[in-house]
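The structure appears right after this line, and notes come after that.
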Amino acid sequence: MSWKMTHSVVALVLLSSCTERDLATLPEIDTSASTSGIVALPEDVPQVFRDYFVKYTKYIAPNGKPIHILAQDGWTDDQIKHGRNVLRHLLTDFPGSRYGHDKSPVANAMADRKATMVFFNTEEDLIDAMRAGLADATDLSMQDLRANESPAVGDADYMAHVTRDASYEEIWHLIHDYGIKPTLPDMIAEMRTASDAAAANGWRAWPEDEPVEHPNEYVGVLLDNYYDLWTVPPTRYEGRDIEPGDIPEGHSHFGRYFAGSRAAMLEQDPPGYALIEKFVPPYLTYTPELPADFAGTFSMRFNPAEPYTYKTRHLTSATLTGDENANLIGNGRDNVLSGNSGNNIIQAGGGNDELDGGDGEDAAVFAGPAMDYEIVYNRGSVMVRDLKEDRDGSDLLRGIERLRFSDSSVQLRSEDAAETN
């Protein structure tokens, strides 16, 4: 398989597109009336944007200015929310870290430069738009991501672990170019040092003729592997099948990087691992809202027989939407798990968790026998405390009608189960 790796066609075009003339810009777009925060691109937006994009959402930086997201018609709202979640996660403060403890200067710099993710359907659509002059006509600082490389958490593609998810890498490039470079020179220097060390150990950077971009690409690769996106190799890339042998065992990015998982990074690339830990937390800070048609079980507990759980084990929360009967399984972190209007079974596991069943007939599952737990009724909620250490912790329940223990089931009082304020 021939795999073309580039930083960003958009960014490359923009390098030669700056001119002293009037450029189209995005007006203030109100998304407050949309429950998803995603709206149809308004009619008063300049035509050059409406020629290519149909949807809009944004992330508001601490300075009150937006970081834009424009999407073409091939993007579902669930995919757009996933991209926005990744952006939010990478810009969320990581207290106590060297570079990520306060990311407001990074986000503010991006907003000041009108940083914009442009979500194209395919690479061909991206190239056509650039050739037609999109970059020359606007004042936005753009970075692309395509619909066929960004599955939404919980959709069929994601659950089957099919398509390579490029959202972390590509959104990182936007943050690097317009946020990190102007504000974190020490991080830029450490990126170069770590990238050079990895190159000496077998990291094959790209583009080969643009060494200045190698640290940027390197960190994108590190993020992918830190969140275990390649630990089980994907089987499709931008709509094309990945052939046997395209990804050497234990590698990622079609053999260009030698440590294809978080565990391998720690062992084989300590400088890269240390760098990532200075910017993002080991867990994912966003809450995915699963597609409305999701049915079955979504697990955040690692199970090597379920490849998607290599990714979901880093989540701390999840929300079901729609009215399908569906189930959630948490992990050892402090989880926030929310049901939908269907009948849900929610099993939190270790940690001190918050469970909200929503509407429907919902059950919370616990590992031990009923006699090992204390049940405390409060107005509108129930606290279930595991009296055995290092098992289920203390869980706050709302909208849960039944407790399931290993030896019995307990029906909760309706007045305590129903109220979810």
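The values are calculated or read from the model by the stated rules, or taken from the named source; none is laboratory data. Remember, it's a predicted structure, so these values are computed and weren't measured experimentally. Cβ atoms come from the backbone with ideal geometry, glycine included; neighbour counts cover every protein chain shown. Surface accessibility is based on the protein's heavy atoms, side chains included, excluding ligands, DNA and RNA. Shrake-Rupley method; radii C 1.70, N 1.55, O 1.52, S 1.80 Å.
How much length would be gained if the chain were fully extended between SER406 and GLU124, taking 0.36 nm per residue of separation minus their Cα-Cα distance, in nm to one decimal? Please report the intermediate quantities before stating the final value.
Working: separation 282, 0.36 × 282 = 101.52 nm, distance 5.46 nm.
So the chain would gain 96.1 nm between SER406 and GLU124.
Would you please give the residues with an amide H less than 5 Å from that of ASP228, counting only those at least 5 places away or on a separate chain, with H modeled from the backbone geometry?
ARG262
I'd like the carbon and sulfur percentage of the solvent accessible area for the chain, probe radius 1.4 Å, heavy atoms only, ligands and nucleic acids excluded.
Numbers: 8420 of 17230 Å².
The value for the chain is 49 percent carbon and sulfur by accessible area.
Per residue of the range 164-173, in order, report the coupling 6.51 cos²θ - 1.76 cosθ + 1.60 (Karplus, θ = phi - 60°) as ³J(HN,Hα) in whole Hz, putting x for Gly and Pro.
Taking θ as phi minus 60°, the curve returns 4, 8, 9, 5, 5, 5, 6, 5, 4, 4 Hz for the range 164-173.
Projecting each Cα onto the charge dipole of the range 54-139 (Lys/Arg +1, Asp/Glu -1 at the beta carbon, about the Cα centre), which of VAL106, GLY133, PRO95 comes out farthest on the positive side?
Of VAL106, GLY133, PRO95, it is PRO95.
Sticking with the crude label model, points 7 Å out along Cα→Cβ, report the distance from PHE302 to ASN325 in nm, one decimal please.
Distance between label points: 3.2 nm.
Report the paramagnetic label zone for ARG98: residues of the range 206-235 whose backbone N is under 20 Å from a point 7 Å from Cα along the Cα-to-Cβ axis.
Once the point is set 7 Å along Cα→Cβ of ARG98, 214-227 turn out to lie under 20 Å by backbone N, inside the range 206-235.
So what is the relative contact order of the range 25-170, in percent, for Cα pairs below 8 Å that sit 6 or more residues apart?
Numbers: 206 pairs, mean separation 31.0, N = 146.
For the range 25-170, the relative contact order is 21 percent.
Subtract the Cα-Cα distance of ASP209 and ASP51 from 0.36 nm times their separation in residues, and report this length gain in nm to one decimal. It would help to have the intermediate numbers written out before the result.
Details: separation 158, 0.36 × 158 = 56.88 nm, distance 3.35 nm.
Additional length available on full extension: 53.5 nm.
Taking Cα centroids, how far is the range 30-67 from the range 153-203 in Å?
Taking the Cα centre of the range 153-203 as reference, the centre of the range 30-67 is 25 Å away.
Considering amide H positions built from the backbone, and no H for Pro or chain starts, which residues 5 or more places from ALA24, or on another chain, come under 5 Å of its amide H?
Here the answer is THR138, ASP139, since their amide H atoms fall under 5 Å of that of ALA24.
Please list 3J(HN,Hα) in residue order for the range 397-402, calculated via the Karplus relation 6.51 cos²θ - 1.76 cosθ + 1.60 where θ = phi - 60°; whole Hz, with x for glycine and proline.
Result, ordered by residue: 10, 9, x, 10, 9, 9 Hz.
How big is the dipole moment of the chain about its Cα centre under a simple scheme where the beta carbon of each Lys and Arg is +1, that of each Asp and Glu is -1, and everything else is neutral? Debye, nearest 20, please. Could you put the intermediate results ahead of the total?
On the way: 36 positive and 69 negative charges, 140 e Å.
That gives a dipole near 680 debye.
Using 0.36 nm per residue of separation minus the Cα-Cα distance, give me the extension gain between GLU267 and ALA33 in nm, one decimal. Kindly include the intermediate steps, with their values, before the conclusion.
On the way: separation 234, 0.36 × 234 = 84.24 nm, distance 4.82 nm.
Length difference between fully extended and current span is 79.4 nm.
Between LEU41 and residues 5 or more places away or on another chain, which pairs have amide H atoms under 5 Å apart, with H built 1.01 Å from N, and which residues are they?
Excluding prolines and chain starts, which carry no amide H, the hits are LYS55, TYR56.
Could you provide, to the nearest whole Å², the per residue accessible area of the chain with probe 1.4 Å? Please report the intermediate quantities before stating the final value.
Working: 17230 Å² over 421 residues.
Accessible surface, normalised per residue, equals 41 Å².
Report the one residue of ALA370, SER341, ASN303 whose Cα lies farthest in the direction of the positive end of the charge dipole of the range 292-418 (charges on C-beta: Lys and Arg +1, Asp and Glu -1; origin at the Cα centre).
So the residue furthest toward the plus end is ASN303.
Run the simple label-point estimate for ASP390 and ALA156 please: 7 Å along Cα→C-beta, distance reported in nm.
4.3
Output ³J(HN,Hα) for the range 336-343: one whole-Hz value per residue in order, computed from phi by the Karplus curve 6.51 cos²θ - 1.76 cosθ + 1.60 with θ = phi - 60°, and x for Gly and Pro.
Each residue's phi maps through the Karplus curve to give 10, 10, 10, x, 10, 8, x, 8 Hz.
Any of LYS58/LYS278; LYS114/LYS278; LYS55/LYS81; LYS55/LYS103 with alpha carbons more than 22 Å apart? Name them for me. Before the final figure, lay out each step's value.
Numbers: LYS58/LYS278 26 Å; LYS114/LYS278 26 Å; LYS55/LYS81 12 Å; LYS55/LYS103 27 Å.
As for pairs spanning more than 22 Å Cα to Cα, those are LYS58/LYS278; LYS114/LYS278; LYS55/LYS103.
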